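Worksheet: the structure to be examined is printed underneath.
The values are calculated or read from the model by the stated rules, or taken from the named source; none is laboratory data. This structure is a prediction, so every number in the text was calculated from the model and none was measured. No Cβ is skipped: glycine too gets one built from the backbone with ideal geometry, and neighbour counts run over all protein chains shown.
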Amino acid sequence: MPEHHRVIIIGSGPAGNTAAIYTGRAGLKPLVLAGFTRGGPPGGQLMLTSEIENFPGFPEGGIDGKKLMGAMRKQGEEMGATYIDTDVDAVDLSKRPFKVVTADAEYIADSVIISTGARSRLFGIPGEEKLISRGLHTCATCDGAFYKKKHVLVLGGGDSAMEEAHYLTHFADVTLVHRREEFRASKTMLERVKKNPKIKMRLNEQPVEYLLRANGTVRGIKARNTKTGQSNDIEADGVFVAIGHIPNTDLFKGQLKMDDNGYIITGAAAGGPKDHPSTYTNVHGVFACGDVQDHTYRQAITAAGSGCMAAIDCERWLGEQG
Ligand code: NAP
């Protein structure tokens, strides 16, 4: 017989861990299927981030991403959550209780909180993921301040790249590297970047390789000019990749309502309460929080906030079911 739980939380970034703390404290004994971060330890994108300087509560130099996730998890466990370090292979949300399947076990649950997060799109250059936080970054708000008075590259030509490039000029000189002459970015954001004297552009350049220092950190890129075919080294102190994000929602395709980019739709638009924001998905008893349903803010603190919302929504919904 599959193990039965009141609530199963899928994913253990700031959203999942906060949902675990709150549902644990509410006596629901949540089971957290903690997932893996690109084959690394569970804990979501923050496991790939070094110092986090903008998570409230750490005034003296911020906190290491792994430490923050470790502390949140410990707090979840102390509140009565059980964590299992496993990915989820399949879910069946078509009827209650819901079914959740991992490589080793099958579980059933009265409610499910989805906090599987999102990942930054990368180029697929061999060894790329291991360079994250070693001169290669995917979030200017998180890591831009490490480059005060330095020179950084921003790779991409969409709104994310424009936003990151503009933000980074608070600290550094920026070269925006894009593979075409036309931009996917909106006109307003592109104009703002073009007018910014701290941003230069290198167009028609497709990144193909990272240049490394002797200590293994990134010192720029090797790019192929898409017009001439010529190979060019573009040097910098750090590199920010901004070619989009991919929500981790493959498991739920065909079962939950998603937008065109694959983010889970929550709140009133998914049939949740009309009078306030919520984490309801279109399936009653299934809630989603964190980056898996948020392509706008994507911050640890907003993910944690929505994890709290999901736990409260879930607890109230279970209460209504009796
Ligand atoms: P996006 O619009 O999909 O743009 C991705 C960019 O990365 C494109 O310029 C694309 O080049 C480039 N790219 C993708 N794969 C590449 C590869 N393998 N090699 C080289 N270049 C590659 O993604 P986004 O900028 O993250 O935006 C996603 C959505 O969020 C959009 O709807 C955007 O409007 C929205 N957004 C809004 C704001 C805002 O309003 N404040 C901020 C950020 C994002 P090509 O153009 O050549 O394909």
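Here are the numbers for the structure shown:
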| item | result |
| --- | --- |
| Strands (runs of 3 or more DSSP E) completely within segment 193-250 that count 3 or more residues being under 25 Å from the mean Cα position of the chain (by Cα) | 205-212, 218-225, 238-241, 245-247 |
| Positions within segment 167-184 being in contact with a helix residue (DSSP H, G or I) (Cβ under 8 Å, 6 or more places away or on another chain) and near the ligand (Cβ under 7 Å from one of its atoms), in sequence order | HIS178, PHE183, ARG184 |
| So ASN196, is it surrounded by 15 or more Cβ atoms within 10 Å (Cβ to Cβ), of a type outside the set (Phe, Trp, Tyr) and within 12 Å of the ligand (Cβ to nearest atom) | no |
| Residue in segment 202-212 that is within 12 Å of the ligand (Cβ to nearest atom) and within 30 Å of GLY271 (Cβ to Cβ) present | no |
| Tally of residues being assigned to a helix (DSSP H, G or I) and of a type in the set (Val, Ile, Thr) across segment 129-152 | 1 |
| Residues that are in contact with an Asp or Glu (Cβ under 9 Å, 6 or more places away or on another chain), at pLDDT below 95 and within 16 Å of the ligand (Cβ to nearest atom), drawn from segment 139-166 | CYS139, ALA140, THR141, CYS142, GLY144 |
| Matching entry among ILE113, ILE108 (being touching a helix residue (DSSP H, G or I) at 6+ places or on another chain (Cβ under 7 Å), away from the ligand (no atom under 14 Å from the Cβ) and assigned by TED's automatic domain parsing to the domain that holds VAL32) | ILE113 |
| Pick from segment 74-94, criterion closer than 13 Å to LEU31 by Cα and aliphatic (A, V, I, L, M), ranking: surrounded by the most Cβ atoms within 10 Å (Cβ to Cβ) | ALA81 |
